[in-house]
Amino acid sequence: MSATVTEETAMLQPELDRDIGGPAQPLVIARDLVKHFPLKNGMPALPWRPKAGGTVVRAVDGISFEVRKGETLGVVGESGCGKSTTARLLMQLLRQDTGELIFDAQGVGSHQLPMKRFRSQVQMVFQDSYSSLNPRLTIEESIAFTPRVHGVPAREATERARYLLSRVGLEPARFAGRYPHELSGGQRQRVNIARALVLRPRLVILDEAVSALDKSVEAQVLNLLMDLKAEFDLTYVFISHDLNVVRYLCDRVMVMYLGKVVEIGDTEAIYRNPAHPYTRALLASMPSMDPDHRTETAPLAGDPPNPIDPPPGCSFHPRCAFAEPVCTRRMPVLTDTVAGHPVACLMADPAGGHGQRMPPMPHALTQRPVDLSQEICL
Ligand SMILES: Nc1ncnc2c1ncn2[C@@H]1O[C@H](COP(=O)(O)OP(=O)(O)OP(=O)(O)O)[C@@H](O)[C@H]1O
Ligand code: SF4
Ligand SMILES: [Mg+2]
């Protein structure tokens, strides 16, 4: 291929107004998003709106947050806390029951930003690299398929596919004609990343996208993601159970518990001094390969409560080491606190009616090294 990287990147640029609201305008504003899944006889019901008073799984239960332009926002929390449902709402693969989504100052689904145009600007990479690809298409055809659906001529769609294959480290001459089963897991995930970029999106949601890979392959794919972010001017939402990787990769982190956001802020501020007892317990369970930086703090005990029938008051109270009677009556809301970032805990709110203040962080956690590159083999 004779074109330079800059020319090729420009070729992928869609004819859309980019950066409409300016750099200070968040790329995404999510306001009070709610997604409840109706159940019938304990099984998922047909995906209609839940009837008032019917049994529902409160997968996402009124969350508000922003994704800033150019950042990587990490989303963490135990299994079932609503991370993937949040991702699917962000991408509008699922429609929220209530709440609002603003993308670069424009309401998603409004006449300013119709759904088709919004969808071309947001893409997602899932954990399972195999099921995301059509086994009957070569990887070049898979990548070229989306632009073809959006009306791009066949030749240009193929050129884009081949360029992106080379950008994700798969030499088109060797790989373009292969089928998904002829690739390793890491190679297939590279194809999924190329496919996510083919419409030149602005936001890419990575839902456990590297979790199924071997550590060394994971490190290579993470490096690739960071290179592509710079080259294509991307914003990432990075969902992961690996708190070491989140610390290394993310500018800010959002902690979810039982369908709610309990803490959100700059990654280093939260990792050095988490203000919510759940975040603290989650970080205490983070493995460290350095024997000098292991913590004695008790990690989380027990399982999360049932999202069909969450406990009254603060839903974390049955597991919280700092719970007081007020926590069973009063539901904390996400508010700015002395910690310098929003937290949903009565203890962090001077008007919360809680009798204690959060004790200082255990030394072993606060002193953990900032550069974790060795721990995740980057
Ligand atoms: N289609 C659905 N019907 C009914 N319940 C659902 C549906 N999708 C998700 N849920 C429930 O919603 C809750 C949140 O699920 P979600 O997949 O968002 O969690 P998660 O944080 O991504 O978990 P994990 O870390 O295991 O991927 C869970 O209790 C889940 O069982
Ligand atoms: S509100 Fe109470 S139970 Fe909930 S996290 Fe804070 S201290 Fe714990
Ligand atoms: Mg998930």
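Each value in this text was obtained by applying a stated rule to the coordinates, not by laboratory testing. Remember, predicted model here, so these are calculated numbers, not experimental data. Note that each Cβ is placed from the backbone with ideal geometry, even for glycine, and that neighbours are counted across all protein chains shown.
Data table
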item	result
Distant-in-sequence amide H partners of VAL237 (H built 1.01 Å from N, under 5 Å)	LEU73, VAL204, ILE205, LEU206
Which listed pairs, of LYS35/LYS229; LYS35/LYS69; LYS35/LYS260, have C-alpha distances above 21 Å, in listed order	LYS35/LYS229; LYS35/LYS69
Extreme residue, positive dipole direction of the range 5-241, given options SER184, ALA87, VAL34 (C-beta unit charges)	VAL34
For the range 338-345, Karplus couplings with θ = phi - 60° (6.51, -1.76, 1.60), whole Hz, Gly/Pro x	4, 5, x, 8, x, 9, 10, 8
For LYS116, LYS69, LYS229, LYS35, order by how many other beta-carbon atoms lie within 10 Å, fewest first	LYS116, LYS229, LYS69, LYS35
